[in-house]
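See below for the structure under consideration.
The values are calculated or read from the model by the stated rules, or taken from the named source; none is laboratory data. Keep in mind that what you see is a predicted model, and the values were worked out from it rather than measured. As a convention, Cβ positions derive from the backbone with ideal geometry for all residues, glycine included, and neighbour counts pool all protein chains shown. Just the protein is used for accessible areas: all its heavy atoms, side chains included, with ligands, DNA and RNA removed. Shrake-Rupley method; radii C 1.70, N 1.55, O 1.52, S 1.80 Å.
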Amino acid sequence: MIFVSFLLLTAAEAAPAVMPEIKLDCRRDSVGNCLPVELSPPAELLREQHDYAAAIYRPYWVCYWKALNIHEDFGTSDGERATQIFVSAFNICASLRASADGEMDALLRPLTIYGDKARKHFVRDDFRSSAGARFLVQAAQAAGQRDAYTRTREATHQFVLRRVENVRKQ
């Protein structure tokens, strides 16, 4: 990238600007010495833990699907009503989610590969969200309600996007 910038400056026959001082920042030990650069921890759950984690969250996802599926407005394309369906399911299954999060934290705690506690929570939350979304699509498909689920999910996404857009305009 720096080489491309240099070529552009040369091609424009402009005098090169004074380059700002380059500072290398590093993690330091207690004495102040730079520590070696390490690979960033993975942002996703590794395959070895995936099946076990899915088993941990399965009761939560099943509860969530059932709560969505039995709601009287399930299948709506009205954004506000669709959002309420998801909020209701979240509230109904909150204790199962908290329990699964605790089990997942216990699974991740001794695994140093995922980094610190905050990074482990990120990995946990990302797994719960992404694998849960796949579970819901599969459950809707298996129940023959994929279209209803897709309509409700899309209505919620559009509703939330409109709300964000309105807040940005203010």
(request) Select, from 134, 163, 81, 168, the only residue that is in a helix (DSSP H, G or I) and surrounded by 15 or more Cβ atoms within 10 Å (Cβ to Cβ). (result) 81
(request) For residue 46, indicate whether it is open to solvent by less than 90 Å² (accessible area, probe 1.4 Å) and either modelled with pLDDT of 75 or more or not β-branched (Val, Ile, Thr) (or both). (result) yes
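Please specify each residue of the stretch 68-98 satisfying the condition of being among the hydroxyl-bearing types (Ser, Thr, Tyr) and touching a residue at least 24 places away in the same chain (Cβ under 8 Å). Full working, then the answer.
Narrowing the stretch 68-98 to residues among the hydroxyl-bearing types (Ser, Thr, Tyr): 76-77, 83, 88, 95.
Selection gives 76, 77, 83.
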(request) Go through 120, 169 for me and flag whichever is closer than 27 Å to residue 53 by Cα and basic (Lys, Arg). (result) 120
(message) Of the conditions (1) of a type in the set (Ser, Thr, Tyr); (2) surrounded by 12 or more Cβ atoms within 10 Å (Cβ to Cβ); (3) more than 27 Å from residue 162 (Cα to Cα), residue 112 satisfies every one except a single condition; which number is it?
(response) (2)
(message) Could you check the stretch 141-153 and list, in sequence order, the residues that are open to solvent by 80 Å² or more (accessible area, probe 1.4 Å) and closer than 14 Å to residue 86 by Cβ?
(response) 151
(request) Give the residue, chosen from 90, 86, 127, 74, that is modelled with pLDDT of 95 or more and open to solvent by 70 Å² or more (accessible area, probe 1.4 Å). (result) 90
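Taking the stretch 50-82 as the search range and keeping residues that are hydroxyl-bearing (Ser, Thr, Tyr) and more than 15 Å from residue 134 (Cβ to Cβ), which one is nearest to the chain's Cα centre (by Cα)?
Going through the qualifying residues, I end up with 52.
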